[in-house]
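Quick notes on the structure that follows.
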Amino acid sequence: MAVDLHRFANPARFMRLTDAIFPWSLGLTVLLLASGLYYALIASPQDYQQGETVRIMFVHVPAAWMALSVYSMMAISAAVGWIWKHPVADLSAKAAAPAGACFCFLALVTGALWGQPMWGTYWVWDARLTSMLILFFLYLGYMAIWEAFDDQSKAAKAAAILVIIGAINIPVIKFSVDWWNTLHQPASVATMEGPKIHSSILTPLLLMAGAYTALFVTIFIIRVKAEILDRRLRIMRMNQVQEKGLKG
Amino acid sequence: MSAFFRIFSRDVRLAVRQGSALTMTLSFFVIAVTLFPLGVGPELSILARIGPGVLWVGALLACMLTLDRIFQADYEDGSLDQLMVGTLPVELMVLAKILAHWLTAVVPLIIITPVLAITFNMPLDSLGVMALSLLLGSPVLSLIGSVGAALTVGMRRGGVLLSLLVLPLYIPVLIFGVAAVEAAIALLPAGSHLLLLAAFSAGSLVICPIASAAALRLAVE
Amino acid sequence: MQEFLNMGGYAEFVWPSYGVSVLLLVALVIASVRRLRRVERDLKPFEDARKARRRRPARQESMSS
Amino acid sequence: MTLIADNLRCIRQDRVIFKGLGFTLGPGQGIWVKGKNGAGKSSLLRMIAGLLKPSKGTITWKDVDTQEEPESFRQDFRYIAHQDALKPVLSVRENIEFWAQYHGGDKVAGALKLFELEHLQDTPAQILSAGQKKRTNLARLVASPAPLWILDEPLSSLDTHYIDLFTDLLREHLEGGGLALLATHQTIDLQRVTIFDLDNLKGVV
């Protein structure tokens, strides 16, 4: 049985595209990261209320934004993969998941580290932190389902169903967790609103958000290429076994 | 439509004939719930405080244990292939099975919850709202659960994955279910919470059969 | 410099959060790059074989179906 | 009432099982799919039955693509798989009755009589022998009749008496204008049945 080439046509084109983008996104990441860190740690003044701890926000908030936007990107590419049977879309969702999970985990850790000086405890059942925790479970579920199937094309479809159902539920979860938080609002805990976004804080925040996005794109390109080549490798090995079977 | 009713009645008859599965689920629910007073202490005021939450979490976990029964047995003996080859659209076939699962696995949980609520020293007039909140919210448990069950049917250790996939999606129902009961205990109006629960059920009634059917087509391939 | 490192007394929270972020993201990048290298290395023998087959015109066996 | 398969390609676990497969099955004709283990016999049958999506190619029944109108196609065929699809807790009659009514048929009594299952009709399926279970499974073909039969190893675990019985049933089905697509390791010597060899895909009918 010959290697089934028609399915690699657009991945090859896709990879030529990403190879072209890669140096740019790498450069942008380094640039944004350097300037972001400079502004976050050195240039911006300490906050009148929270003092230096506000600097944690420059790492916490971008991570939280990325965690959510990566998940929605996965849901969109899963839908594209499902509707137009686009093989690369499924793989890109699979490639993005670990990065999204890392951002989500970072948001949780930095959130806890920010919570300690603010409220005296590492974990406070604050609405956003709780939603981030649930999002982390959704990431784990997504990655687990890829491992559960040995047939990759089946795994892609199952994962697509899961991430679409997950994405539909995220606003519902966000709404109910926010609402649940106000219901059990112990009087003493200040909300996570933090300082109103003052310009000296906005620039490092946006720079860091840009740096995280560029970093994600860079990691994404590496991982998607690895997924596509891994798929090709798996098929070539399969055909080799099959051809041996015929000769043997 | 008779095919829809056929599947529903066959599944109910099967569940009744294999009554042991039902008693196991109920006993798990009772045992899991009675562990809490042993862990937390017999202090009645505390138990009354945590009662709604414990009962809802217990019902939710007990329901989750029964989810793989929706499709697994049919997958193993080949009935699933035959069901997918019938003239009834797969989505409706899935809905019939979900309905049967809800009636035979989840409703019994709802029936015995008030009895357990008494052991948690919950006020008697709140038992009605407890049962009502379970009644309105539990279809979501079966519906979303069926998507997880369809995704993990035929898997060797599907049970663990099933809970990881399904539990995060149960959280909104848990939050508003408990909120409704706590509102009732505090003699506040619980109407809005119950309406939201009903809305969750209606919403998943639309989405989940389609997702489950897609997942089943995948599993049968 | 000392004052900068002290972070207004919150050094034990600010630096760990930056440290964890950098550590984890760098680890992710390294893991991804290493995975790509490994797949490319494993794919090499197959790619060479395919190129070799394509260079020899005698073979009619079409690669694409 | 013809079944036309055109340029079917089957991919399982990223491996090409078969490709460019085509055949035409007219009324009164049968196709016996042969091939080594793993050649894709069951995959082909499941694909025709609509359980396995072809990654390429079309299946047309009564000039309608079965992928577009699966429900109407499903009325016209019965699929017998390796597994018997019987519920151990239900009796033989209850099992047959369920599948008959599910597929919109009502000839349960006839099916029981033909497959000599009347004396077993009230016994729960779990204590049946393999042969009795296979007969109960085959009984659905009679209980809710359909023009096209898709049979995957219909004769396995049947003794010679029931093999002849089923071969006669199949002959009558074909003579009555029915169609059959079957995969089996036993021999079927009916002149209306032609062989389709998956191993070298030459046997295009």
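The values are calculated or read from the model by the stated rules, or taken from the named source; none is laboratory data. Bear in mind that the values here come from a model prediction, so they are computed numbers and not experimental data. Quick reminder, even Gly has a Cβ in these numbers, built from the backbone with ideal geometry, and neighbours come from all protein chains shown.
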Counting just the residues of region B:44-84 that are in a loop (DSSP other than H, G, I, E, B) and under 30 Å from B:Phe176 (Cα atoms), which one comes out nearest to the chain's Cα centre (by Cα)? B:Thr66
Only one of D:Ala111, D:Ala100 that is within 23 Å of D:His173 (Cβ to Cβ), more than 14 Å from chain B (Cβ to nearest Cβ) and hydrophobic (A, V, I, L, M, F, W, C): D:Ala111
Looking only at region A:37-52, and only at residues there that are over 13 Å from C:Phe4 (Cα atoms) and buried (at least 17 other Cβ atoms within 10 Å of the Cβ), the one that is modelled with the highest pLDDT: A:Leu37
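Given the criteria assigned to a helix (DSSP H, G or I) and in contact with a Pro (Cβ under 6 Å, 6 or more places away or on another chain), does D:Gln126 qualify?
When the stated conditions are applied, D:Gln126 passes them.
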For D:Val33, work out the one condition from (1) crowded, with 22+ Cβ neighbours inside 10 Å; (2) not assigned by TED's automatic domain parsing to the domain that holds D:Thr2 it doesn't fulfil. (2)
Scan of region A:84-106 for residues that are at the interface with chain C (Cβ under 10 Å from one of its Cβ atoms) and touching a residue at least 40 places away in the same chain (Cβ under 8 Å), ordered by number: A:Ala95, A:Pro98, A:Ala99, A:Ala101, A:Phe103, A:Leu106
Here are D:Gly131, D:Gly105: which of them is modelled with pLDDT under 90 and within 18 Å of the chain's Cα centre (by Cα)? D:Gly105
Filter region A:147-157 for residues that are surrounded by fewer than 18 Cβ atoms within 10 Å (Cβ to Cβ) and within 8 Å of another protein chain (Cβ to nearest Cβ); the one that is nearest to B:Val166 (Cα to Cα) is A:Lys154
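Is it true that B:Gly78 is surrounded by fewer than 20 Cβ atoms within 10 Å (Cβ to Cβ) and modelled with pLDDT of 90 or more?
Values: surrounded by fewer than 20 Cβ atoms within 10 Å (Cβ to Cβ): yes; modelled with pLDDT of 90 or more: yes.
Yes.
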Of all residues in region A:77-123, count the ones that are outside any helix (DSSP H, G or I) and either modelled with pLDDT of 90 or more or crowded, with 20+ Cβ neighbours inside 10 Å (or both). 0
When you check A:Ile168 against the structure, is it out of contact with any strand residue (DSSP E or B) (no Cβ under 6 Å at 6 or more places or on another chain), free of Cβ contacts under 8 Å to residues at least 40 places away in the same chain and part of a helix (DSSP H, G or I), yes or no? yes
Run down B:Pro114, B:Pro123, B:Pro139, B:Pro168 and say which single residue is more than 16 Å from A:Ile145 (Cα to Cα) and in contact with a Phe, Trp or Tyr (Cβ under 8 Å, 6 or more places away or on another chain). B:Pro139
Quick check on D:Ile4: is it over 23 Å from A:Glu243 (Cα atoms), assigned to a strand (DSSP E or B) and away from chain A (no Cβ under 14 Å)? yes
Candidate set from region D:76-97 (those that are at negative phi and among the small types (Gly, Ala, Ser)); member that is farthest from the other protein chains (Cβ to nearest Cβ): D:Ser91
Working carefully through the options A:Ala93, A:Ala43, A:Ala78, A:Ala99, find the one that is aliphatic (A, V, I, L, M), touching a helix residue (DSSP H, G or I) at 6+ places or on another chain (Cβ under 6 Å) and closer than 27 Å to C:Pro16 by Cβ. A:Ala99
Give the residue, chosen from A:Thr110, A:Thr121, that is within 14 Å of chain C (Cβ to nearest Cβ), free of Cβ contacts under 8 Å to residues at least 60 places away in the same chain and touching a Ser or Thr at 6+ places or on another chain (Cβ under 8 Å). A:Thr110
A:Ser77 vs (1) more than 14 Å from chain C (Cβ to nearest Cβ); (2) polar (S, T, N, Q); (3) in contact (Cβ under 8 Å) with a residue 40 or more places away in the chain; (4) under 30 Å from A:Ala155 (Cα atoms): all pass except (3)
Residues (touching a helix residue (DSSP H, G or I) at 6+ places or on another chain (Cβ under 7 Å) and in contact (Cβ under 8 Å) with a residue 60 or more places away in the chain) located in region D:120-145: D:Arg140, D:Ser144
For region D:135-173, name all the residues that are part of a helix (DSSP H, G or I) and surrounded by fewer than 20 Cβ atoms within 10 Å (Cβ to Cβ). D:Thr160, D:His161, D:Tyr162, D:Ile163, D:Asp164, D:Leu165, D:Thr167, D:Asp168, D:Leu169, D:Arg171, D:Glu172
Which pairs do you get when a residue that is within 7 Å of chain B (Cβ to nearest Cβ), found in region A:134-146, comes within reach of a residue that is outside any helix (DSSP H, G or I), reach meaning Cβ atoms under 9 angstrom, with the pair 6+ apart or on two chains? A:Ile145/B:Thr152
Scan region D:152-178 for residues that are closer than 12 Å to D:Ile188 by Cα and free of Cβ contacts under 8 Å to residues at least 24 places away in the same chain and report the count. 5
Checking the conditions here, which among C:Leu25, C:Leu36, C:Leu43 is within 7 Å of chain A (Cβ to nearest Cβ), touching a Cys at 6+ places or on another chain (Cβ under 9 Å) and more than 17 Å from A:Thr53 (Cα to Cα)? C:Leu25
Looking only at residues that are among the aromatic types (Phe, Trp, Tyr) and more than 30 Å from D:Lys134 (Cβ to Cβ) in region B:55-108, which one is farthest from the other protein chains (Cβ to nearest Cβ)? B:Trp102
Matching residues in region B:184-195 - criterion: being surrounded by fewer than 22 Cβ atoms within 10 Å (Cβ to Cβ) and part of a helix (DSSP H, G or I): B:Ile185, B:Gly191, B:Ser192, B:Leu195
